[in-house]
Amino acid sequence: MSKMKEPPILQRRNNHLPYDIVLNIMERLPVKSVIRFRSVSKSLDSSVQNHDFISKHLNINKNNLENGYVIHKPSWEASRLIYSSPPDTSVFTVAFDRTLDRISEVGFPLKFISNFAQIVGSCNGILCLAISANIIFLWNPSIRKYKKLPNTCLEKLEYVKLGFAYHSENDDYKVVRISCSSLHIREIEVYTLSSDSWRRVGISSTNNVILCHDNLLVPAPMVGGALHWMENILEGKVIGRSMYIMSFDVNTETSRKLALPDHSDDPNCIALFKGKLAFITSERYGYQYSIWVMKEYGLVESWNKLFVVPFQRAAYCLAFTEYGSLLVCYSYNNDQVESHGFKFVLIDTETLHEKEDPDIQCPSYVANFMESLVLLDGAKAVSY
Amino acid sequence: MKFCTVKQYFDDENNNNVTNGIATTVIPLPNKHLKIKANNKEMEQYEQELLRNVMPQELTKLILAANYLNFKEALDFFCRTVANAIQNKSVDYVRKFFGLESDFEPGEEEKLCKEFAWSFEGVDED
């Protein structure tokens, strides 16, 4: 019997997988497992911290996302206004984005200051937190690493607006800070993770007064490669004012204006809705909310009033998730006890289905969330 | 191209029952994959069945076969199945599974384990 030539794989003595396939498997593991298996060998530890590996792991994670998740945290300022003894405002809760049903809690390691933390934004598993206009952190709770950003490069910070974005062209992360000092001057500076520094990118002044509009507790939405904030310009002595959207292109680092649709005089916030720019406004003193969506990004004519949500009581909009859940609260009087409190309701804007008593029971910052290894290779990122 | 490699594979192999088993699992996979590509649930069920009937070590052989056949969808599928099988296992288990040696300097490994102690919670017993 002639000796048949064995194919290479059967010649292998130990039948072990080639290293590139080992990494293929590692890329599909949950974050906690990847971190634990760093202890398997020095080469695996080094491979896992490689930037390409982290990117591949992220993309596989993104494609697998069946359920969307959010992370939310009570707002210290807003909670103080409605509760005499506010809840623990240092707790971050991970939840399902449709129902806001709680999954788990995580804590920012610097617990005392995390009471005041605001969620500026969330990208690829990294949260951007602001303790104040000048104290900002990037944090990946899944791998327990955080990084404090350096101080501003501007002389003065006033009426600050912040935004956090992933810059896909450069595979980098950017924090954008707008400071409207003296009400006439708008300065913009950008922080990039790759350079770990701030850079001033624009300054504009106008004879009119610029008012940066509050976006409730909703992060600045990132659509069409740009971050968005609402602004108001008071023209001269005329009392009439016009609100518009200021969009900042994260790649070209230039800004432009986008008009809002015709709306009543009580705009609430702009947000992300299934990948599109959405505008939420309340009408009839909070008895009705309208949700507009810009169907074609950049085309003002494509603003479309997609949903109208009626309420039986005057409701206050607190958050709007990417899935389209509207979180509102309204006050009620309990005649028997002569006290009043706040009731929280979650509305699915598509079905108008109401969920009473959702797992969020106070004004909170809400942002999308996923697990990732991003920041594992970050310089000056601290483990805890 | 797939047919050429498969034919060569069959021509080359000796009559080994194990490799026959691999061939019977890997070859029907393209058809099944096409049929149930749209339905993730069925894919999950198939994966569960595979996990139950096939030991992780056997999965290794399936991966090697799929790699040799240059069959990317099967390779990704089996890698995903292995990932699900080992995700809660200990460092020692994974070391043996991949045939990797701990090449750390003395004390380095302990340092890592200490720094990421949280990642060792809820690990399966070996």
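Among residues of region A:102-120 that are farther than 24 Å from A:Ala271 by Cα, those with a beta-carbon under 6 Å from a residue that is surrounded by fewer than 16 Cβ atoms within 10 Å (Cβ to Cβ) and at pLDDT 90 or above at least six positions away or on a different chain give the pairs A:Pro109/A:Tyr384. Return the residue satisfying two criteria in turn: it lies in region A:1-17 and is exposed (fewer than 13 other Cβ atoms within 10 Å of the Cβ) and in a helix (DSSP H, G or I), and of such residues it is modelled with the highest pLDDT. If we take residues in region A:1-17 being exposed (fewer than 13 other Cβ atoms within 10 Å of the Cβ) and in a helix (DSSP H, G or I), then A:Pro8 is modelled with the highest pLDDT.
Does A:Met246 satisfy being touching a helix residue (DSSP H, G or I) at 6+ places or on another chain (Cβ under 8 Å), surrounded by 15 or more Cβ atoms within 10 Å (Cβ to Cβ) and either modelled with pLDDT of 90 or more or over 30 Å from A:Tyr166 (Cβ atoms) (or both)? Steps first, answer last, please.
Working: touching a helix residue (DSSP H, G or I) at 6+ places or on another chain (Cβ under 8 Å): no; surrounded by 15 or more Cβ atoms within 10 Å (Cβ to Cβ): yes; either modelled with pLDDT of 90 or more or over 30 Å from A:Tyr166 (Cβ atoms) (or both): yes.
Here the answer is no, as A:Met246 does not meet what is asked.
Determine, yes or no, whether A:Ile119 is assigned to a strand (DSSP E or B), β-branched (Val, Ile, Thr) and crowded, with 17+ Cβ neighbours inside 10 Å. Here the answer is yes, as A:Ile119 does meet what is asked.
The listed residues are A:Phe92, A:Phe37, A:Phe53, and the only one of them that is at pLDDT 95 or above and closer than 30 Å to A:Phe112 by Cα turns out to be A:Phe92. Once region A:18-62 is narrowed to residues that are facing another protein chain (nearest Cβ under 7 Å) and touching a Ser or Thr at 6+ places or on another chain (Cβ under 6 Å), the residue that is surrounded by the most Cβ atoms within 10 Å (Cβ to Cβ) is A:Arg36.
Could you please find all residues in region B:69-79 being part of a helix (DSSP H, G or I) and surrounded by 19 or more Cβ atoms within 10 Å (Cβ to Cβ)?
Passing the criteria: B:Ala74, B:Leu75, B:Phe77, B:Phe78, B:Cys79.
Please verify whether region B:50-59 includes one or more residues that are in contact with a Leu (Cβ under 9 Å, 6 or more places away or on another chain), assigned to a helix (DSSP H, G or I), more than 7 Å from chain A (Cβ to nearest Cβ) and closer than 16 Å to A:His16 by Cα. Explain how you work it out, then say what you get.
Let us first name the residues in region B:50-59 that are in contact with a Leu (Cβ under 9 Å, 6 or more places away or on another chain), namely B:50-51, B:54, B:59.
Narrowing further to those that are assigned to a helix (DSSP H, G or I): B:50-51, B:59.
In the following step, the residues that additionally are more than 7 Å from chain A (Cβ to nearest Cβ) were identified as B:50-51, B:59.
Filter again for closer than 16 Å to A:His16 by Cα, leaving B:59.
Within region B:50-59 (the criterion being in contact with a Leu (Cβ under 9 Å, 6 or more places away or on another chain), assigned to a helix (DSSP H, G or I), more than 7 Å from chain A (Cβ to nearest Cβ) and closer than 16 Å to A:His16 by Cα), the answer is yes, since at least one residue qualifies.
In this structure, A:Leu81 does satisfy being away from every other protein chain (no Cβ under 14 Å) and surrounded by fewer than 14 Cβ atoms within 10 Å (Cβ to Cβ).
Checked against (1) within 9 Å of chain A (Cβ to nearest Cβ); (2) more than 19 Å from A:Ile21 (Cα to Cα), B:Asp124 passes all but a single condition, namely (1).
Remark: pairs (first residue in region A:156-184, in contact (Cβ under 8 Å) with a residue 24 or more places away in the chain and assigned to a strand (DSSP E or B); second residue surrounded by fewer than 14 Cβ atoms within 10 Å (Cβ to Cβ) and among the polar types (S, T, N, Q); Cβ separation under 8 Å; 6+ apart in sequence or on different chains) = A:His167/A:Asn251.
Please specify each residue of region A:185-213 satisfying the condition of being assigned to a loop (DSSP other than H, G, I, E, B) and either free of Cβ contacts under 8 Å to residues at least 40 places away in the same chain or not charged (D, E, K, R) (or both).
If we filter region A:185-213 for residues that are assigned to a loop (DSSP other than H, G, I, E, B), which is where we start, we get A:193-196, A:206-208, A:213.
Passing the criteria: A:Leu193, A:Ser194, A:Ser195, A:Thr206, A:Asn207, A:Asn208, A:His213.
Limited to region A:260-289, what total is found for residues that are farther than 16 Å from A:Ala314 by Cα and under 23 Å from the mean Cα position of the chain (by Cα)? Of the residues in region A:260-289, 12 are farther than 16 Å from A:Ala314 by Cα and under 23 Å from the mean Cα position of the chain (by Cα).
The values are calculated or read from the model by the stated rules, or taken from the named source; none is laboratory data. None of these values were measured; they are calculated from a predicted model. Note that we place each Cβ from the backbone using ideal geometry, even for glycine, and neighbour counts take in every protein chain shown.
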